[in-house]
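S.K.: Below is a structure I'd like to ask you about.
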């Protein structure tokens, strides 16, 4: 029985495993976490809308009825492509086929101060830490007598005008307007500043211009300050440094300005491009190693002269392709080149507000928001998770409440961004 090792239990890895289950392979899934994380909703954990448990699902329960599929909790620190071996802290395993689906990490573009003082959203713990930072800022602002320090505590800077930055900015604005304004009567909510910084000339660059303009207008109507054509060059305690030589006093910097391939790519001596993404052939394999597939955020493949985006839909389609390509190869056939079918993109802005481009049709406002809700519920794993998320959304929508206002951890690593 041939062994297929899949590194990563994200969208791509799980799709590949499901295709191969029950097909006569020994499929081994490897990940450092024992759960599948629904990353598109991480920002809602950070803004007190959802419990962290509602967007994760135990991987062993996912694969319980997938014949021939096993899971091992471990981190992969190296791969010997010639000997076909995967190295983990817990041991070494050999493979006949390998699917790399380890995803991505935040790209700080070498700016160490942003990595040290900024916050990002790639892991479940990141959302909990960011939520605690936001709530902790309000708690400290209540006690702060210095006007300038209080202003810095109540200023939140979001860097990156893509879907993550836009969705987080909108959710944070609603948290402040509908909930924290009641929790903290001692503070004037007009003193709270939410600033969205984008280096290019528009938000949501991959969306049609009409939807970009709609998003900008709606965010500004929500009281969010949008700074376009503005770069961020660094950070220091209590201050975000802008490229133009100015700065913004703030103790909370959320970085959503880019991602790069997972650090596992660093350990591989293969061709890579910007963002550390591994260059793959049209069948998603790497040069000289047809038994190794790379899918999702780790893979770099152009279609129509444009690199495929690092998004969940791409990862899912590539994972399914890799699984089917292995099946065809074992049957003596070759696989056709991978072709990504772009069904569209979407982003939530706020309560009843979203933008969506589906099959070249533009939607905005309530219609786009409903599409966004339905599709996110559909792709969320587990009936309980879907029910909990739906109930939370309904509770929030009709009662204007966010219940998960709990401070669990105010520190990022060993540093504390707040004034002593």
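A short reminder: the numbers here are calculations on the coordinates, not readings from a lab. Predicted model only: the values in this text are computed from it and were never measured. Glycine gets a Cβ as well: all are built from the backbone with ideal geometry, and neighbour counts include every protein chain shown.
S.K.: Taking the Cβ of each residue in 175, 187, 100, 29 as the centre, tally the other Cβ atoms inside 10 Å and list the residues starting with the fewest.
M.R.: Sorted ascending by nearby Cβ count, the order is 187, 175, 29, 100.
S.K.: Turning to a different aspect of this structure: Which angle from 0 to 90°, rounded to the nearest 10, does the C-alpha axis of helix 124-143 make with the longest principal axis of the chain?
M.R.: It works out to around 10 degrees.
S.K.: Got a sec? How would 149, 244, 174 order by Cβ neighbour count within 10 Å, fewest to most?
M.R.: 244, 149, 174
S.K.: Nearest 10 degrees is fine. How inclined is helix 209-221 to the longest principal axis of the chain, computing both from alpha carbons?
M.R.: 40 degrees
S.K.: Per 5 Å bin, what is the whole-percent P(r) computed from every C-alpha pair distance within the stretch 65-194?
M.R.: Result returned by the calculation: 2, 7, 14, 15, 13, 10, 9, 8, 7, 6, 5, 3, 1, 0.
S.K.: Then there's this: Using Cα pairs closer than 8 Å and at least 6 residues apart in sequence, work out the relative contact order for the stretch 302-415, in percent.
M.R.: Value for the stretch 302-415: 12 percent.
S.K.: Subtracting the Cα-Cα distance from 0.36 nm times the residue separation, let me have the gained length for residue 122 to residue 341 in nm, one decimal.
M.R.: Extending this stretch completely gives an extra 76.3 nm.
S.K.: Right, something else. Which three extents, in whole angstrom, do the alpha-carbon atoms of the stretch 295-420 cover along their principal axes, largest first?
M.R.: 61, 43, 33
S.K.: Indicate, rounded to the nearest 5 percent, the antiparallel portion of the DSSP beta bridges found entirely in the chain.
M.R.: Here the antiparallel bridges make up roughly 55 percent for the chain.
S.K.: Related question: Given just the C-alpha atoms of the stretch 112-257, how large is their convex hull per residue in cubic angstrom?
M.R.: Here the figure is 108 Å³ per residue.
S.K.: Can you list, largest first and rounded to whole Å, the semi-axes you get for the stretch 284-353 by taking the square root of 5 times each eigenvalue of its Cα gyration tensor?
M.R.: So the equivalent ellipsoid measures 29, 13, 10 Å along its semi-axes.
S.K.: Relative to the first principal axis of the alpha-carbon coordinates of the chain, what is the inclination of helix 11-20, with its axis defined by its Cα atoms, in degrees from 0 to 90 and to the nearest 10?
M.R.: Approximately 30 degrees, to the nearest ten.
S.K.: Ratio of Rg to Rh for the chain, alpha carbon only, Kirkwood?
M.R.: Rounded to two decimals, Rg/Rh equals 0.98.
S.K.: Tell me, 104, 200, 345, 181 in order of fewest to most beta-carbon neighbours within 10 Å?
M.R.: So the ranking, lowest neighbour count to highest, is 200, 181, 345, 104.
S.K.: Here's something else I'd like to know. At a Förster distance of 25 Å, what's the computed FRET efficiency of residue 190 paired with residue 113, Cβ-Cβ distance as r, to 0.05?
M.R.: About 0.25, to the nearest 0.05.
S.K.: Using alpha-carbon positions, what is the distance between the centroids of the stretch 231-281 and the stretch 296-338, in Å?
M.R.: Cα centres, the stretch 231-281 to the stretch 296-338: 26 Å.
S.K.: Could I ask something else about it? Relative contact order (percent) for the stretch 112-257, with alpha-carbon contacts under 8 angstrom and 6 or more residues of separation?
M.R.: Computed value for the stretch 112-257: 34 percent relative contact order.
S.K.: How high is the relative contact order of the stretch 187-278, in percent, counting Cα pairs under 8 Å that sit 6 or more residues apart?
M.R.: Relative contact order of the stretch 187-278: 19 percent.
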